[in-house]
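Beneath this line is the structure, given in structure tokens, with notes to follow.
The values are calculated or read from the model by the stated rules, or taken from the named source; none is laboratory data. If you're wondering where the values come from, they're calculated on a predicted model, not measured in any experiment. Please note: Cβ atoms are built from the backbone with ideal geometry, for glycine as well, and neighbour counts cover all protein chains shown. Keep in mind that these areas ignore ligands, DNA and RNA; they rest on the heavy atoms of the full protein, side chains included. Shrake-Rupley method; radii C 1.70, N 1.55, O 1.52, S 1.80 Å.
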Amino acid sequence: MVVLVTGANGQLGQSLQFIAPNYPELHFVFCSSTGLDITNIENCESVFFKIKPDYCINAAAYTAVDKAESEPEKAYLINVVGARNVAEVCKQNSTVLLHISTDFVFDGDFSKLSPRAQSRGYSENDIPNPTGVYGQTKLDGEKAIQAVFENYYIIRTSWVYSQFGNNFMKTMLRLASERDSISVVNDQIGTPTNAIDLAESLLKIVTSNFQLLASNYGIYNFSNEGQCSWHDFAKKIFEINNITINLQAIPTSRFPTLANRPAYSVLDKTKIKTTFGITIKKWEESLKTITI
């Protein structure tokens, strides 16, 4: 089975490269934006015609949440047009698409959630309501895929970190080496996702038996288990790495950003766990597996 991965230089792309040797039954082709420009349909068609992938994991995305507010056209081009292009060539080549989306499709208003969602997190059936350009373009990208064909898995995830690329964990470790004190918001609640765990879950889907795979297309949530604030996340990062620092908890109002962040974006993983038999680690335990 041939698995084409877009966005190969990103966190998820590098994580998939890291675990690829554990899947000798799969032939991986990793493409960065220089090798596969998802915003160029002709380039997509050429690459897919040559590679003939059975599966495509679309990890390419515009993820600069704040910058998207001033670059909406660029975010739209990558997250919407790019997603549609990938779906189009997947349809042409009978390729199963696994597309990565985000918790930012939700507004994070805890008070508007049902009692079930308040206790277990957003399900795939909860109504999206993004509040910024990034979230809106990712939601529009989901809709663009759904309008093209049915053979897709859209995986919404949150707070992704890893030993690769730029992310919150690495930023905290860098700041701790430069400062004696750090302030982190404590009123945004979600769940960190180890990109390696996300990569493993995607390949669990890819290596499922065909009947299971073909009868369960749709939207799924994936993050690690549990929930925390960004302050809690930072505290655990420092604890695991034996770093002593003055860590201050502050409200979001003290740390203004161009884009609004969901105040609550915990995701309910029941669907992906029951459908594919995936066991998900608690976020605290998974964090311990990362070495820098």
Say a paramagnetic label sat at a point 7 Å from the Cα of N43, along Cα to Cβ; which residues of region 71-95 have their backbone N under 15 Å from it? 74-75, 77-86
Paired Rg and Dmax values of region 1-124, which use every Cα atom, in angstrom: 16.6, 50
Give me the net charge of Y55's neighbourhood, meaning all other residues with Cβ under 14 Å from the Cβ of Y55; Lys, Arg count +1, Asp, Glu -1. +1
With all protein chains in place and a 1.4 Å probe, D54 shows an accessible area in Å² (nearest 10) of 60
Over 25 Å between Cα atoms: which of K74/K112; K112/K281; K91/K273; K143/K282; K236/K269 fall into that group? K74/K112; K112/K281; K91/K273; K143/K282
Please report the antiparallel percentage of DSSP beta bridges with both residues in region 140-252, rounded to the nearest 5. 15
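Net charge around P262, counting only other residues with Cβ within less than 9 Å of its Cβ (Lys, Arg = +1; Asp, Glu = -1)?
-2
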Computed over region 141-292, protein heavy atoms only, probe 1.4 angstrom, the accessible area per residue in square angstrom equals 46
For the Cα atoms of the chain, what angle does the longest principal axis make with the long axis of helix 41-51, in degrees from 0 to 90, nearest 10? 70
Region 153-278 - Debye-derived log10 I(q)/I(0), Cα point model, q = 0.18, 0.21 Å⁻¹: -0.99, -1.21
Rounded to whole Hz, the Karplus (6.51, -1.76, 1.60) HN-Hα couplings of region 250-264, x for glycine and proline: 10, x, 4, 4, 8, 9, x, 10, 5, 9, 6, 9, x, 5, 9
From DSSP H assignment alone, runs of 4+ in the chain each adding -39500 (n - 2.57), the sum over residues rounded to the nearest 500 puts [θ] at 222 nm at -10500 deg cm²/dmol
Between Q118, V29, S158, whose Cα lies farthest towards the positive end of the dipole of the chain when Lys and Arg beta carbons carry +1 and Asp and Glu beta carbons carry -1, centred on the Cα centre? Q118
At each listed q (0.15, 0.16, 0.19, 0.21 Å⁻¹), what is the log10 of I(q)/I(0) that the Debye formula gives for region 73-218 modelled as equal alpha-carbon point scatterers? -0.95, -1.06, -1.32, -1.43
Solvent-accessible area per residue for region 1-108 (1.4 angstrom probe, square angstrom): 43
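Could you give the dipole magnitude of region 110-166 about its Cα centre, charging the beta-carbon of Lys and Arg +1 and that of Asp and Glu -1, in debye to the nearest 20?
The calculated dipole for region 110-166 is roughly 220 debye.
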Of the labelled options [x] 62, 39, 34; [y] 55, 39, 37; [z] 64, 48, 34, which one gives Cα extents along the principal axes in Å as computed for this structure? [y]
Out of all DSSP beta bridges in the chain, what portion is antiparallel? Express it as a percent rounded to 5. 5
Net charge within 11 Å of I245 by Cβ-Cβ distance, Lys/Arg positive one each and Asp/Glu negative one each, not counting I245 itself? -1
Accessible surface of the chain [probe 1.4 Å, protein heavy atoms]: carbon and sulfur percent: 49
Theoretical gain in end-to-end length, D187 to N246 [0.36 nm per residue, Cα-Cα removed]: 19.4 nm
Pull out a ≥ b ≥ c, the square roots of the eigenvalues of the alpha-carbon gyration tensor of region 110-156, then state rounded if a/c is under 1.5, prolate if not and a/b is larger than b/c, and oblate in the remaining case. oblate
If you average the C-alpha positions of region 137-171 and of region 218-292 separately, how far apart do those two centres end up, in angstrom? 16
List, in order, the whole-Hz ³J(HN,Hα) value for each residue of region 225-240 obtained from phi through the Karplus relation with A = 6.51, B = -1.76, C = 1.60 and θ = phi - 60°; use x for Gly and Pro. 7, x, 8, 6, 9, 4, 5, 4, 4, 4, 4, 5, 4, 5, 4, 5
Per-residue HN-Hα couplings for region 195-202 [Karplus 6.51, -1.76, 1.60; θ = phi - 60°; Hz; x = Gly/Pro]: 4, 5, 5, 5, 4, 4, 5, 5
Specify whether the C-alpha gyration tensor of region 238-279 places it in the rounded, prolate or oblate class, a ≥ b ≥ c being the square roots of the eigenvalues: rounded for a/c under 1.5, otherwise prolate if a/b is larger than b/c and oblate if not. oblate
Taking the Cα centre of the chain as the origin, how large is its charge dipole in debye, to the nearest 20, when only Lys and Arg (+1) and Asp and Glu (-1) carry charge on their Cβ atoms? 400
Which value, in debye to the nearest 20, describes the size of the charge dipole of region 232-292 about its Cα centre when Lys and Arg Cβ atoms bear +1, Asp and Glu Cβ atoms bear -1, and nothing else is charged? 160
